[in-house]
Structures are given as C-alpha cells and as structure tokens.
Amino acid sequence: MRGGIGFFSGLQAAGVSSYIALAHNTSPYISAYPWADGFGAKVSNPATLPTGNGLGVAFSPDGAYIAVAHATSPYISTYPWTGSFGTKASDPATLPTADGRCVAFSPDGAYIAVGHTGSPYVSVYPWTGSFGTKVSNPATLPTNAVTAVAFSPDGAYIACSTASAVSPYFFVYPWTGSFGTKVSDPATPVPTRNWGVAFSPDGAYIGVAINSSPYVYVYPWSGSFGAKMSNPATLPPGIPNEIAWI
C-alpha cells in the first residue's frame, strides 16, 4: 500500500532548517528526521503510535502539528510538533469511516481533511490544536476511496482524487469552511482512477496523477477547469502514486 512523505521548513532547533516525515507500513508507522542538507538522527517515536499502516502525512502550515492518516481505527492521529512528537491529540468525535489514505491541512491551518476508504470518503474537521465537529458531507460524494486531497493555495477549493472505477473519478468543491456544489467536470474528463492531486503554487493550474497513459492530466484553473493541457513530450513510464508542484 502507498505511503506518504512530508516536509516542514522553519527554524525549529539550532542548526536545523527543516524536518522530513514518512508514513510507512510497519511499526512505528511514522518516522521523522531533522533535515539540513541530509538526514539527522531519527526523532523519537510518538508515545502513542498510529494504530496501523501509515498512508499519508502532513505538517500544519505553521509547523506546530503533524498528522498521520493510517489503517485501523481511529484512522487519523495528530500530534503537536516542536521538533519532536507531543502528546497525541484526542480523536475526533466522528471518526473517518475506514482506513485513512491521505491528509491535508488548509492553508490557514484552520481545517484538516482526511481521505479514507469508506463512504463519505472524505472527512473535514475544524482544527485548533484539537478536532472540532466534523463538517457536513458534500452533497455530491466522491464515488470511492479518496486517495489524495488538496486545498488550493488560497483555501477557496478542495480537490479529491479517487480510486473509483466509475466516472467522474475526480472531484473539486468550493470551500468556505463547508463544501460547496461540486465543480463541473472538465470538458476532457479524467479518464480513470487517480492517485494524486495538486494545485500549482499560484493556484492557476491543477494536476492529477492517473492510472493509465498519459498518467498525468493538467488543466488551467480559475474556479473552473480550462482546456486540458498538452501531454508531456516524454510521458512518465508508469502509473504515478503522487504529484507535487513547487
């Protein structure tokens, strides 16, 4: 099963410019290291480990928290982060319904989104260092496990890639602290299940890692989909598990 990796940059300890964290499929399910042009000594494991395979990891935008999406209830584990793992935050009152596949914080750090393998497939909670009451589900649910979730850089949209075997495979919603009406599918729709989604840093494009050639679709983004961009001249050689922009 796919895992996850995350970076946080910020001066948090003498001589340490950033940290790197990996979610993985054997205990302790999450590993973190200082990063300063190379790996530092592994950070001690959290006192309360995630309960199953780590499948996604994210730092909050201010670097004060780290979240792990994982198999086995409660499916999401979140810890204060000061260059080490703090005491695990209490579980949300309404848990994700099945294995957590991915996790993302909103750009302002006020919400945390978890993609998971059971309906409604995506759960979003207010975040203030603890989980608030789960946000109501979108009116149009994703059609299968959400494999990746991303907020647009301005926080105005939330995108979900899915492992669905039926169209539309890919879902984008306006976001105002609640889900708006699903954005209409692009004129050239994503043709199959997909494993990753990302907005460009300026929010002008959205990219999807998909399960068949050409393996990546990119669209201009302005709150709706523009015409699909031309494929790369040299295609990826196989199915990608994730997509990222810098």
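The values are calculated or read from the model by the stated rules, or taken from the named source; none is laboratory data. Computed from a prediction, not measured in an experiment: that's the story for all the values here. Cβ placement follows ideal geometry from the backbone for every residue including glycine, while neighbour counts extend to all protein chains displayed. Accessible surface is based on the protein model in full, side chains and every heavy atom, while ligands, DNA and RNA are left aside. Shrake-Rupley method; radii C 1.70, N 1.55, O 1.52, S 1.80 Å.
Please report the relative contact order for the chain, taking Cα pairs under 8 Å with a sequence separation of at least 6, and give it as a percent rounded to a whole number.
Working: 709 pairs, mean separation 24.6, N = 246.
In percent, rounded to a whole number, it is 10.
Rounded to the nearest 0.05, what FRET efficiency do D62 and S230 give with R0 = 45 Å and r taken as the Cβ-Cβ distance? Could you check? The partial results should precede the final answer.
Values: r = 38 Å, r/R0 = 0.84.
Once rounded, the FRET efficiency stands at 0.75.
Compute the Cα gyration tensor for the range 199-246, then decide on rounded, prolate or oblate, letting a ≥ b ≥ c be the square roots of its eigenvalues: rounded whenever a/c is under 1.5, prolate when a/b is larger than b/c in the other cases, and oblate in all that remain.
Taking the square roots of the gyration eigenvalues as a ≥ b ≥ c, the range 199-246 is prolate.
Rounded to the nearest 0.05, what FRET efficiency do S167 and T94 have when you use their Cβ-Cβ distance and R0 = 22 Å? Let's see the in-between values first.
Numbers: r = 29 Å, r/R0 = 1.32.
Taking R0 as 22 Å, the efficiency between S167 and T94 is 0.15.
Can you list residues from other chains, or at least 5 along the same chain, whose modelled amide H is less than 5 Å from the amide H of S18?
Residues meeting the amide H criterion: G10, W35.
Name the long-range amide H neighbours of G155: under 5 Å, sequence gap of 5 or more, or other chain; modelled H, no Pro or chain starts.
none
Which number comes out as Rg/Rh for the chain once both Rg and the Kirkwood Rh are worked out on C-alpha atoms?
Numbers: Rg = 17.3 Å, Rh = 18.1 Å.
Using Cα coordinates only, the ratio equals 0.96.
Rolling a 1.4 Å sphere over the protein heavy atoms, what is the accessible area per residue of the chain, to the nearest Å²? Intermediate results must be reported in sequence, preceding the final value.
Details: 10400 Å² over 246 residues.
It amounts to 42 Å² per residue over the chain.
Per the 1.4 Å probe, what fraction of the accessible area of the range 114-228, in percent, lies on carbon and sulfur atoms? Walk me through the intermediate numbers first.
Numbers: 2040 of 4110 Å².
For the range 114-228, the apolar C and S fraction of the accessible surface comes to 50 percent.
Can you give me the orientation-averaged projected area of the convex hull built on the Cα atoms of the range 139-246, in nm²? Please list the in-between numbers first.
On the way: hull surface 25.4 nm².
Mean projected area of the Cα convex hull: 6.3 nm².
What are the ³J(HN,Hα) couplings of the range 118-125, residue after residue, when phi is run through the Karplus curve with 6.51, -1.76, 1.60 and θ = phi - 60°? Round to Hz, x for glycine and proline.
x, 4, x, 6, 9, 10, 10, 10
Between L55 and residues 5 or more places away or on another chain, which pairs have amide H atoms under 5 Å apart, with H built 1.01 Å from N, and which residues are they?
Those lying under 5 Å, H to H, from L55 are A69, H70, A71.
Can you tell me the order of 226-237, 77-88 when each peptide is scored by its average per-residue count of other Cβ atoms within 10 angstrom, highest first?
Working: 226-237: 10.8, 77-88: 18.0.
Packing order, densest peptide first, comes out as 77-88, 226-237.
Between rounded, prolate and oblate, where does the range 75-215 land on the alpha carbon gyration tensor, with a ≥ b ≥ c its root eigenvalues, rounded for a/c under 1.5, else prolate if a/b exceeds b/c?
On the way: a/c = 1.73, a/b = 1.58, b/c = 1.09.
Here the range 75-215 falls in the prolate category.
Under the definition of Cα pairs under 8 Å and six or more residues apart, what whole-number percent is the relative contact order of the range 105-246?
Details: 360 pairs, mean separation 23.3, N = 142.
Dividing the mean separation by the residue count of the range 105-246 yields 16 percent.
How much net charge surrounds P168 when only the other residues with a Cβ under 15 Å from the Cβ of P168 are counted, with Lys and Arg +1 and Asp and Glu -1?
Values: positive: K182, R193, K228; negative: D185.
Surrounding charge for P168 is +2.
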